[in-house]
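A short write-up of the structure that comes next.
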Amino acid sequence: MRIVSGMRPTGKLHLGHYLGVLKNWIELQKEHECYFFVADWHALSTSYEEKLNLKKLSRELIKDWLAAGVDPKKSILFIQSHIKEHAELYVLLNMITPLGWLERNPTYKDQLSQMKHKDIHTAGFLTYPVLQAADIILYDAEAVPIGEDQRPHLEITREIVRRFHHLFSCELFKEPKELLSPTPKLLGLDGRKMSKSYGNAIFLSDSSEEVWQKLRGAKTDPQRVRKSDPGNPEVCLIYDYHKAFSDEETIQKVVEGCTSASIGCVECKKWCMASIEKVLEPMRERRAAIDDEAVEEIIASGERKAKEAASKKMNQVNKAVFEISCEVE
Ligand code: TRP
Ligand code: SF4
């Protein structure tokens, strides 16, 4: 299958991103033709006031991907704003997208009510799903790995495809299906959503010392005051981390040791640390081996491939729209 997915460059990635997105990408690239891109235009839809250095953030994001194991020999990695066809298709799709579809989008309504500290009453934010549709159908993606919150966007994408086909009597695009990412959200070390802005995240680029400092400070079962008090793993965040990163045997040891008070929380956290380090240590090694020049080459080579596919598609689209001529392959 051809797969397309994007990520906004808003800062360092953490373990939640790894479990929710990157792990999935790394599996998918083994079997499928994957286009993974930095959605820098999308980042502006909510952060246009923040003067982000998107050029720098985009490079850092790609470095995080490479460190995590996204393989530029298997996948095509590029930066959205380098491929102007995304914007070109976005303009055309905007012409045919009814406002009602965008205004009814539940993600739009949620974000408007949640992001009180930002003014996102902009055309760009309302039409965000149109740009996302362009990203996807420009490459004939058959499937898009996404989280739950993105489902309405994919539904809008499919509706736009059908509308385009109908209006221009030309079946140029594929209706993409969603690949819902299987892992549940990993909470941050304070029990809230894992987020850079809450300061409760373990980053993929953290050193061993940083990981341990963060784990050491994390709350455990509040009923377990002394080591001799039996604990309940089900109410403990560290146990969630064990379930996400430890093997069956360790998880079993945690449950037994915690409920019988035969292990202390520090020991339990050390095991947890070891399991997380199994994921992070190879990332540190890969990260150390990538220099800035290599990143630029990867971006340039991904860009060439993406550009080729995108411009071919836009030729067909422009024929359909401006000449009412349908050239489907
Ligand atoms: N909207 C996605 C997000 O916030 C990012 C994104 C932009 C995307 N374009 C895409 C994801 C195309 C999948 C396909 O996470
Ligand atoms: Fe949590 Fe482990 Fe302590 Fe039990 S032993 S309360 S699971 S940290």
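The values are calculated or read from the model by the stated rules, or taken from the named source; none is laboratory data. Remember, it's a predicted structure, so these values are computed and weren't measured experimentally. A quick note on method: Cβ atoms are made from the backbone with ideal geometry, for glycine too, and the neighbour counts reach across all protein chains shown.
Output yes when any residue across the stretch 205-221 is buried (at least 19 other Cβ atoms within 10 Å of the Cβ), within 16 Å of ligand 2 (Cβ to nearest atom), assigned to a loop (DSSP other than H, G, I, E, B) and among the charged types (D, E, K, R), and no when none is.
yes
List every residue pair whose Cβ atoms sit under 9 Å apart, with the two residues 6 or more apart in sequence or on different chains, where the first one lies in the stretch 69-93 and is without any contact (Cβ under 8 Å) to a residue 24 or more places away in the chain and the second, anywhere, is hydrophobic (A, V, I, L, M, F, W, C) and assigned to a helix (DSSP H, G or I).
Correct list of pairs: LYS84/ALA310; VAL91/ALA134.
For ARG226, all conditions in the list (1) farther than 29 Å from ASP64 by Cβ; (2) in contact with a Pro (Cβ under 9 Å, 6 or more places away or on another chain) hold save one; what is the number of the exception?
Among (1) farther than 29 Å from ASP64 by Cβ; (2) in contact with a Pro (Cβ under 9 Å, 6 or more places away or on another chain), ARG226 violates only (2).
Does GLU327 satisfy being exposed (fewer than 13 other Cβ atoms within 10 Å of the Cβ), over 22 Å from LEU61 (Cβ atoms) and in contact with a Lys or Arg (Cβ under 6 Å, 6 or more places away or on another chain)?
yes
When residues of the stretch 267-309 are filtered for being within 13 Å of ALA67 (Cβ to Cβ) and touching a strand residue (DSSP E or B) at 6+ places or on another chain (Cβ under 8 Å), how many remain?
Qualifying residue count for the region: 1.
When only residues in the stretch 255-304 that are of a type in the set (Val, Ile, Thr) and in contact with a Gly (Cβ under 9 Å, 6 or more places away or on another chain) count, which is farthest from ligand 2 (Cβ to nearest atom)?
Among residues in the stretch 255-304 that are of a type in the set (Val, Ile, Thr) and in contact with a Gly (Cβ under 9 Å, 6 or more places away or on another chain), the one farthest from ligand 2 (Cβ to nearest atom) is THR259.
Picking from LYS278, LYS269, LYS185, which residue would you name as being in contact (Cβ under 8 Å) with a residue 60 or more places away in the chain and among the basic types (Lys, Arg)?
LYS185
Is it the case that the stretch 62-84 has a residue that's under 19 Å from ALA134 (Cβ atoms), in a loop (DSSP other than H, G, I, E, B) and β-branched (Val, Ile, Thr)?
yes
Filter the stretch 52-61 for residues that are aliphatic (A, V, I, L, M) and in a helix (DSSP H, G or I) and give the result.
Within the stretch 52-61, LEU54, LEU57, LEU61 qualify.
Just give me the residues in the stretch 183-204 being outside any loop (DSSP other than H, G, I, E, B) and surrounded by 12 or more Cβ atoms within 10 Å (Cβ to Cβ), in sequence order. Don't jump to the end; show me each part of the working.
Kept after step one, since they are outside any loop (DSSP other than H, G, I, E, B), are these residues of the stretch 183-204: 187, 193, 196-198, 203.
Across the stretch 183-204, the qualifying residues are LEU187, LYS193, LYS196, TYR198, PHE203.
Those residues that are more than 20 Å from ILE299 (Cα to Cα), part of a loop (DSSP other than H, G, I, E, B) and touching a helix residue (DSSP H, G or I) at 6+ places or on another chain (Cβ under 8 Å), I need them from the stretch 22-51; list them, please.
TYR48
Give just the number: which of (1) at pLDDT 95 or above; (2) crowded, with 17+ Cβ neighbours inside 10 Å does ALA123 not satisfy?
All conditions pass for ALA123, except number (2).
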